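Structure first, then comments.
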Amino acid sequence: MAMMKAARLHEIGGKFRVDEVTMPTPGKHDVLVKVEACGVIPNLRNVVTHFPTWYPFLPLPALPAIFGLDAAGTIAAVGEGVTSFKVGERVYVNPGVGCGECRHCKRGEPTRCDAYTFMGYFGFGKDSQRIFERYPYAGYAEYTTAPAANLVRLPDNLKSEEAARFGYLGTAYSAIRKSALRPGQDILILGATGTLGVGATLLALAFGASRVVAVARDAAALAKLVALDPQRVIAIRLGDGPIKDQVRARIPDGVDVMLDTLGAKAPAELSVDAMQAVVRGGRIVQIGGVAGPIPIDPHPFMCAQLQYIGSLWFTPAEGDEMASMIASGTLDLGLLESRPFALDKLNEALDEIEAQGNGFTNFHIRCQ
């Protein structure tokens, strides 16, 4: 029986431990991927320590369990029913899995499925454990299995370690698509120097935004974003006055789109402040999970025809679109600074990303 190494969590709030486990075999419509890189999740320690108390409606897999979102590598084997992928192809594994049978899954919208689950992370419903049992192998292992339908082919000019950033990049990509941002329009990105925000800024430029208003606290990090395109990126520093006043001093009519990428530790007041910089008929998209509740007065929203949209993750098809943008040079991830860790250094990686992580550093685990 072939064995492999995997980092597993054995108790809530505990440390990850590298164990020897049985190497998986792919099911009929699945693939086996030799994992080369897997992203380090900035929020992982919160998830495996506090989510059972904070968000009991977002279930974790039964322990011990392999975690790890955003795996990228090479196909090592395919199930007998797989015809569109071949051994040796380089792929990213989109970890979002639905039941495959509901009307949303059949329409290619698994993120709307009641059983939608992130392999190697957490689920969104009572049926998530069934999916965890079907796909117990995730990114912090030498090999993982996944449905063939979840794979994204990687272009030659995209490294596996860069593809391991696709989860956060794809979350921003899907949000921008839902926002209906058009070339020539203006977008505000709240929390622009974080992991989500940096990707959102890169994508907003690639989508043809006229002006990208980057809002964050770190002046040095904001300067890095401005350097991407000094004519189009406008830096707004938190703490220098109300966001709405700073934005409207530069863009009097307001922005067409706002992306809220702030995390759970951020105060909701920042979101409310930034919303007031959005033009009539504008769209506000929430992808960061800022601490709520966020007070919204329906009457002004109605009169100004504002839209507040929640966006979860991204589909494999959207992943294919991002890969095509990278292949063509429309989207360049060269800004990211590689920070690799060995599989047995996962706990140290989590310590470091909490202490000094930023959106420009690409923390990832090298699994081989």
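The values are calculated or read from the model by the stated rules, or taken from the named source; none is laboratory data. This is a predicted model, so every value here is computed, not measured. Virtual Cβ from ideal backbone geometry, glycine too; neighbours counted across all protein chains shown. SASA here: full protein model, heavy atoms, side chains in, ligands and nucleic acids out. Shrake-Rupley method; radii C 1.70, N 1.55, O 1.52, S 1.80 Å.
Residues whose amide H comes within less than 5 Å of that of GLU142, counting only those at least five positions distant or on another chain, are LYS5 (H built at 1.01 Å from N in the peptide plane). Residues whose amide H comes within less than 5 Å of that of GLY14, counting only those at least five positions distant or on another chain, are absent (H built at 1.01 Å from N in the peptide plane). With the whole protein complex present, GLU348 retains an accessible surface near 80 Å², based on a 1.4 Å probe. The accessible surface of segment 138-220, taken with every protein chain in place and a 1.4 Å probe, is 47 percent carbon and sulfur.
Per-atom-type breakdown for segment 227-347 gives carbon and sulfur 54% of the accessible area (1.4 Å probe, protein chains only). Computed over the chain with a Gaussian network model linking Cα atoms closer than 10 Å, the most mobile of ALA138, ALA172, ALA274 is ALA274. Overall, segment 136-211 carries a charge dipole of about 340 debye about its Cα centre when +1 sits on the Cβ of Lys and Arg and -1 on the Cβ of Asp and Glu, all other atoms neutral. In the structure shown, the pairs LYS5/LYS34; LYS178/LYS244; LYS159/LYS345; LYS5/LYS28; LYS5/LYS345 are assessed against 18 Å; a Cα-Cα span above that value is assigned to LYS178/LYS244; LYS159/LYS345; LYS5/LYS28. Heavy-atom accessible area for THR171, with the other protein chains in place and a 1.4 Å probe, reaches approximately 10 Å². Accessible surface for segment 150-208, divided over its residues, is 27 Å² per residue with a 1.4 Å probe.
Shown here: semi-axes √(5λ) of the Cα gyration tensor in Å, derived from the displayed model; of the candidates (1) 33, 24, 20; (2) 35, 21, 20; (3) 38, 26, 17, it corresponds to (2).
Computed extension length for ARG134-GLN307: 58.5 nm, one decimal, from 0.36 nm per residue of separation with the Cα-Cα distance subtracted.
Using a Gaussian network for the chain with springs between C-alpha atoms less than 10 Å apart, which of these wobbles most: THR144, THR74, THR25? Highest fluctuation of the listed residues: THR25. Heavy-atom accessible area, probed at 1.4 angstrom with all protein chains present, ranks HIS104, HIS364 as HIS104, HIS364, highest first. Solvent-accessible surface of segment 235-364, taken per residue with a 1.4 Å probe and all protein chains present: 46 Å². Around the Cα centre of the chain, unit charges on the Cβ atoms of Lys, Arg, Asp and Glu (plus for the first two, minus for the last two) sum to a dipole of about 440 debye.
Under a GNM of the chain (C-alpha, springs under 10 Å), which listed residue has the highest mean-square fluctuation: THR330, THR145, THR195? In the Gaussian network model the winner is THR330. In this Cβ point-charge picture (+1 for Lys and Arg, -1 for Asp and Glu), segment 248-338 has a dipole of about 320 debye about its Cα centre.
Rolling a 1.4 Å probe across all protein chains gives CYS102 an accessible area of roughly 40 Å².
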